[in-house]
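The structure appears below as structure tokens.
The values are calculated or read from the model by the stated rules, or taken from the named source; none is laboratory data. For clarity, every value in this text was computed on a predicted model and none was experimentally measured. Here the Cβ is made from the backbone with ideal geometry for all residues, glycine too, and neighbour counts use every protein chain on show. Heavy atoms of the whole protein, side chains included, go into the accessibility calculation; ligands, DNA and RNA do not. Shrake-Rupley method; radii C 1.70, N 1.55, O 1.52, S 1.80 Å.
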Protein chains: 4
Amino acid sequence: MPRAVREQQMLDAAVRTFGQRGYRAASMDEIADLAGVSKPLVYLYLNSKEDLFTACIRREAQALTAAVRAGAHPGLPADRQLWEGLRAFFTHTAQNPDGWAVLHLQARTHGEPFAAEVRTMRAEIVAFVTQLILVAAREAHRDPSPAEREVAGLAEALVGAAESLAAWANATPGVSAKQAAATMMNFAWAGLGNLMEGRSWAAPKS
Amino acid sequence: MPRAVREQQMLDAAVRTFGQRGYRAASMDEIADLAGVSKPLVYLYLNSKEDLFTACIRREAQALTAAVRAGAHPGLPADRQLWEGLRAFFTHTAQNPDGWAVLHLQARTHGEPFAAEVRTMRAEIVAFVTQLILVAAREAHRDPSPAEREVAGLAEALVGAAESLAAWANATPGVSAKQAAATMMNFAWAGLGNLMEGRSWAAPKS
Amino acid sequence: MPRAVREQQMLDAAVRTFGQRGYRAASMDEIADLAGVSKPLVYLYLNSKEDLFTACIRREAQALTAAVRAGAHPGLPADRQLWEGLRAFFTHTAQNPDGWAVLHLQARTHGEPFAAEVRTMRAEIVAFVTQLILVAAREAHRDPSPAEREVAGLAEALVGAAESLAAWANATPGVSAKQAAATMMNFAWAGLGNLMEGRSWAAPKS
Amino acid sequence: MPRAVREQQMLDAAVRTFGQRGYRAASMDEIADLAGVSKPLVYLYLNSKEDLFTACIRREAQALTAAVRAGAHPGLPADRQLWEGLRAFFTHTAQNPDGWAVLHLQARTHGEPFAAEVRTMRAEIVAFVTQLILVAAREAHRDPSPAEREVAGLAEALVGAAESLAAWANATPGVSAKQAAATMMNFAWAGLGNLMEGRSWAAPKS
DNA sequence: GATGAATGAGCTTTCATTCAT
DNA sequence: TATGAATGAAAGCTCATTCAT
């Protein structure tokens, strides 16, 4: 059996095991068994548990960002792009729960080589959202364009809200990807709209 | 040294170790060392690694919800309550990064006895926010009051956004708890305001 | 509470725990708890686990040999003495199962300081039986008296058979001490009787 | 080195260690050392200390019963079968003192998973002896055949006596298996002979 | 006379990793 | 390309034992 195929089988088994058991609790034995190969072969192809986990994170991160970008076509208006991106995100996470668990839970929880990997992916998504917000600001002829830090914070909040809703949608029966995306839009777009118009909530002086 | 004091020392050490290393990677040896006691004493007082971790989660969850509730005084108008609750939340998480890591990352990542513990706490906070939204709807004389599922989704999104911002604020130098709270309010309040007035973003057909 | 009384309570607890759990599996914690005292007191009175176990063995050995000797009055004819000794033996072991477990199982199984203690007791009983056999030989005017080694072997066999029957009687409902003793007499006395008369089973050559 | 061979080496080491130290006092470290392998290999092949001990018991029980049955050929008259069985028994126990210690002392002393294993083997031997006694009764044209419970008790006593003599023969220099068997026959056969003829020792009315 | 507080040492078990083939 | 055989290192947990009071 060709190496590339075997490797994908191993990564499949690893994502499933890491996603369900966690990085430390997953054993190379179990992964090799699930992949239907012997342990030395896993080491031959993927070097070490650390490298294997990193490979899982990379593959799943790639798949997720690809899905989101594929949803949001550059030509559309900003709100439509956001809407499509969110739908793609919720759909992908619902269909790849183990991959999502690896990215959202496991990779961030197990320290440095891995957290960085996820930060990179997350930064990419946050950058995508940020740019969307700036496009929207331009579309609304907002002048001057909003402060960078403010936009960064909003993008973070938006992504965090989406992540949280993904978990909620997965756990709550009867909530579809589309509904989750609609909730996100309702929640976020108005707040962003206010930003466009330069209004903001007035913090009390306390 | 009296038992109660020692127990708190142990919990301090455990929260720090679990927060930084994760549940599996943290060793009882390291925790005992950090607490300045021998391992058997940790077992004598706290029974097992599992029980110790659970005790950490409970203590930190209690502290966090107490802080949030102490911030939001029931007499105030809803937006003010939300604002104060958010400030308390960001302040607490900034001051207890290890405790926050235990609750937000570790406890959710390491399976069933622990995840349930955090779900309980999170449900409490989500319920608190939900009720705040409903109060706001009443204050705005919204009629009929919004659908339960819709409110639940928004509360989830709001809490998720706040969790995400907490991590961002901790990691980004120069972002204060107050600023994080302001970002949250800007992000969320207008969206909620739209909800109050019955408006919503129109999802495209497809 | 006077020391002597406390000590007996501790020995009671220890015999029970050692008898049921075994020497290694019994923990000083459990013994102290069962005795209703704190662990340091057990050490103050009985020094160490080894000494405590030895004290248990001695007390139970003493009680058992005393019971057997009390049954067999020196004045009676030899068969009657044997009969009474056996009855006393089966009665005592049935009434003190934990003590009997300590002597018969635990003490012999856990190596040298302890096995010697039981060998001493057993030697005493074997000597008693041996002497009984010799008395019987004299009563039967057997001349010359039987070889020492032969008698020793028979006594060993008799004691072993009795020990085995004790376990069987304890485990089989409806078998009384008296019935066990009768079985022993039927089994043993005739064999001994043959010995008295100088007859023996002819081993085939080969 | 092939697995089957290694496993036997491990069992050899384990029988020796368990026989001399006892189940609890024997450490897996010592067993692995004595077998000339590392500890993980012992676990890989034999699972756990409990399983290892059980495997020892089973192997030794099998070997002992096989030896006894191989000695007593079904065609012979009952007394001759008994004689040969006893010789085989004493020979085997003398040649495998550690295995005999495992069966006779350790397995019975350390509680339930193990004691049952030995009870099974012992029941098999007692059944064999019982059947021998019944055959003898038939050979002697005894009518009616003796009561079941009586025979069971006698078989228990006989086996117990043999077990005890085995220990004695092992501990007393200069006592051969043949001599031990002769002592047993002298002790037991006459008693059984009385049984055959319906005679019994008359218990005093107390 | 009695105990709460504390520990050094040791145990069973698991796991990532590597040879030799 | 693929694996059966093997291990160093470490982790969770328990226990007999001792102070200080």
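R0 = 25 Å: FRET efficiency of A:Gln20 with A:Arg80, Cβ-based, nearest 0.05?
After rounding to 0.05, the efficiency reads 0.10.
Using a 10 Å cut-off on Cβ to Cβ distances, tally the other chain neighbours for every residue of A:172-181 and report the average as a whole number.
Values: counts 4, 0, 1, 3, 0, 0, 2, 4, 3, 1.
Average per residue, whole number: 2.
When all protein chains stay in place, what accessible area (Å², nearest 10, 1.4 Å probe) is found for B:Arg119?
130 Å²
Considering only Cα-Cα distances, which of the following residue pairs are longer than 31 Å: A:Lys39/B:Lys39; B:Lys39/D:Lys39; A:Lys49/D:Lys49; B:Lys49/C:Lys39; A:Lys39/D:Lys39?
On the way: A:Lys39/B:Lys39 35 Å; B:Lys39/D:Lys39 25 Å; A:Lys49/D:Lys49 29 Å; B:Lys49/C:Lys39 26 Å; A:Lys39/D:Lys39 20 Å.
Beyond 31 Å: A:Lys39/B:Lys39.
So how tilted is helix D:148-171 from the main axis of chain D? Cα-based, degrees 0 to 90, rounded to 10.
So the helix axis and the longest Cα principal axis differ by about 50 degrees.
Given N residues in the protein assembly as shown, what is its alpha carbon radius of gyration divided by 2.2 N^0.38 Å?
After normalising by residue count via 2.2 N^0.38 Å, the value is 1.43.
Using a 1.4 Å probe on the protein chains only, how many percent of the accessible area of chain A belongs to carbon and sulfur?
Whole-percent figure for carbon plus sulfur exposure: 52.
Considering every residue in C:149-156, what mean count of other chain Cβ atoms within 10 Å of its Cβ is obtained? Could you put the intermediate results ahead of the total?
On the way: counts 5, 4, 1, 4, 12, 6, 2, 12.
Mean shielding count: 6.
How far apart, in nm, are the 7 Å Cα→Cβ label points at B:Ala147 and C:Arg3?
8.4 nm
Which residues among segment D:90-126 fall inside the zone where the amide N is under 15 Å from a point 7 Å beyond the Cα of D:Ala70, along Cα→Cβ?
Under 15 Å, as judged by backbone N against the label point of D:Ala70, lie D:90-96 of segment D:90-126.
Applying 1/(1 + (r/R0)^6) with R0 = 60 Å to the Cβ-Cβ distance of C:Ser38 and A:Ala94, what FRET efficiency is obtained, to the nearest 0.05?
Efficiency at R0 = 60 Å is approximately 0.50.
Order B:His141, B:His92 by their accessible area, 1.4 angstrom probe, all chains in place, largest first.
Numbers: B:His141 160, B:His92 35 Å².
Accessible-area ranking of B:His141, B:His92, largest first: B:His141, B:His92.
In nm, what does the list of distances from B:Arg138 to its counterparts in the other copies look like, shortest first, when each label sits 7 Å along Cα to Cβ?
4.7, 9.3, 10.6
So, for segment D:57-196, what is the accessible surface per residue at a probe of 1.4 Å, expressed in square angstrom?
40 Å²
Given the rule -39500 (n - 2.57) for each run of at least 4 DSSP H residues, summed and divided by the residues of chain D, what is its mean residue ellipticity at 222 nm, to the nearest 500 deg cm²/dmol?
-25000 deg cm²/dmol
Considering only C-alpha atoms, what is the centroid distance from segment D:1-48 to segment B:38-69, in Å?
Taking the Cα centre of each part, segment D:1-48 and segment B:38-69 sit 40 Å apart.
What FRET efficiency do you get for C:Gln62 and D:Glu30 if R0 is 35 Å and r is their Cβ-Cβ distance, rounded to the nearest 0.05? Mind dumping the intermediate values first?
Details: r = 35 Å, r/R0 = 1.01.
The pair C:Gln62/D:Glu30 has a calculated efficiency of 0.50.
In the P(r) worked out for segment B:38-153, what percent of Cα pairs fall beyond 26 Å?
33 percent
Averaged across the residues of A:108-114, what count of C-beta atoms belonging to other chains lies within 10 Å of each residue's C-beta?
Across A:108-114, the average partner-chain Cβ count within 10 Å equals 4.
Gap in Å between the Cα centre of segment C:133-175 and the Cα centre of segment D:73-151?
For segment D:73-151 versus segment C:133-175, the Cα centre distance is 19 Å.
Please give the solvent-accessible surface of B:Asp51 in Å², to the nearest 10, using a probe radius of 1.4 Å with every protein chain present.
Surface open to solvent at B:Asp51 totals about 70 Å².
For B:Ala26, list long-range residues whose amide hydrogen, built 1.01 Å from N in the peptide plane, is under 5 Å from its own amide hydrogen.
Those lying under 5 Å, H to H, from B:Ala26: there are none.
Residue by residue through segment D:63-70, which ³J(HN,Hα) values in whole Hz follow from phi under the Karplus form 6.51 cos²θ - 1.76 cosθ + 1.60 (θ = phi - 60°), with glycine and proline marked x?
4, 5, 4, 4, 4, 5, 5, 5
For segment C:73-81, in order, what is each residue's ³J(HN,Hα) by Karplus, 6.51 cos²θ - 1.76 cosθ + 1.60 with θ = phi - 60°, in whole Hz (x at glycine and Pro)?
6, x, x, 5, x, 4, 5, 5, 4
Enumerate the calculated ³J(HN,Hα) couplings along segment D:41-52 in order (Karplus 6.51 cos²θ - 1.76 cosθ + 1.60, θ = phi - 60°), each rounded to whole Hz, writing x wherever the residue is Gly or Pro.
5, 4, 5, 4, 8, 10, 6, 6, 4, 4, 4, 4
Tell me the Kirkwood radius of chain B: reciprocal of the mean inverse pair distance over distinct alpha-carbon atoms, in Å.
Details: mean 1/r = 0.0537 Å⁻¹.
Mean inverse Cα-Cα distance, inverted, gives 18.6 Å.
How far is helix D:3-21 tilted off the main Cα axis of chain D, in degrees rounded to 10, range 0 to 90?
Long axis of D:3-21 versus the principal axis of chain D: about 70 degrees.
Let me cross-check B:Met184: its accessible surface, 1.4 Å probe, with only protein heavy atoms counted, in Å² to the nearest 10?
0 Å²
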